[in-house]
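See structure below.
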Amino acid sequence: MANLIRRPSSSLGLSAFEEFDKLFDNLWQTPASVNNMLRMPSLDIYSEDDKHMVVEMHAPGFDEKDIDINIRNGVLEITGETSSSDEQGDKKRSYMMRESRASFARRVVLPEGANADTISAELDKGILKITVPVERPEAKKVKISIGSQGKAKKLASNN
């Protein structure tokens, strides 16, 4: 249940490539990797209007300097890595050291018409919000014409 993605109700749905990626992600999951799945930040993709796609990711404990956002070949790549170390010692030969490290990598296929030059991102209270402007071209209307004589042609049968 850690990989739930809210499906948008607009025309900015998941592409076939995202569905294919999800299929392979689920194929390699084993009970040993359940612990790692729970650490993967959740990702919501939705559209507030038909002109923007919004990607929200929960990234508690990460700062702006810990997260990288790249666009390559129509794919939005979000990676993050953070580490911390805490050492405590006293004069009576007791010593304690705590280290923690967390990292993630998520990819989202951008829809057709996404403007990669004007993507914006903000991190507020552990929630990363990436807004992608999308310019949808108007659909062309195709006129259907009737056959040359206006009558259906009879197909030859092999009797």
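The values are calculated or read from the model by the stated rules, or taken from the named source; none is laboratory data. This is a predicted model, so every value here is computed, not measured. All Cβ positions, even for glycine, are placed from backbone atoms using ideal geometry, and neighbour counts span all protein chains on display.
Numbers at a glance
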| quantity | calculated |
| --- | --- |
| Residue match in the range 22-44 (condition: of a type outside the set (Lys, Arg), at pLDDT 85 or above and outside any helix (DSSP H, G or I)) | yes |
| Scope the range 53-96; condition among the small types (Gly, Ala, Ser) and either part of a strand (DSSP E or B) or touching a residue at least 12 places away in the same chain (Cβ under 8 Å) (or both); matching residues | ALA59, GLY61, GLY74, GLY80, SER83, SER84, SER85, GLY89 |
| Any pair with Cβ under 6 angstrom, 6 or more apart, that starts in the range 34-47 at a residue that is at negative phi and ends at one that is among the aliphatic types (A, V, I, L, M) and at pLDDT 90 or above | PRO41/MET57; LEU43/MET57; ILE45/VAL55; TYR46/VAL54; SER47/MET53 |
| Considering residues of the range 113-127 that are out of contact with any Ser or Thr (no Cβ under 8 Å at 6 or more places or on another chain) and in a strand (DSSP E or B) only, the residue surrounded by the fewest Cβ atoms within 10 Å (Cβ to Cβ) | ASP124 |
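A quick yes/no check of all residues on (1) assigned to a strand (DSSP E or B); (2) crowded, with 16+ Cβ neighbours inside 10 Å; (3) over 23 Å from the mean Cα position of the chain (by Cα):
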| site | (1), (2), (3) |
| --- | --- |
| ARG98 | yes, no, yes |
| VAL108 | yes, yes, no |
| PRO111 | no, yes, no |
| LYS129 | yes, no, no |
| PRO133 | yes, no, no |
| ALA139 | no, no, yes |
| VAL142 | no, no, yes |
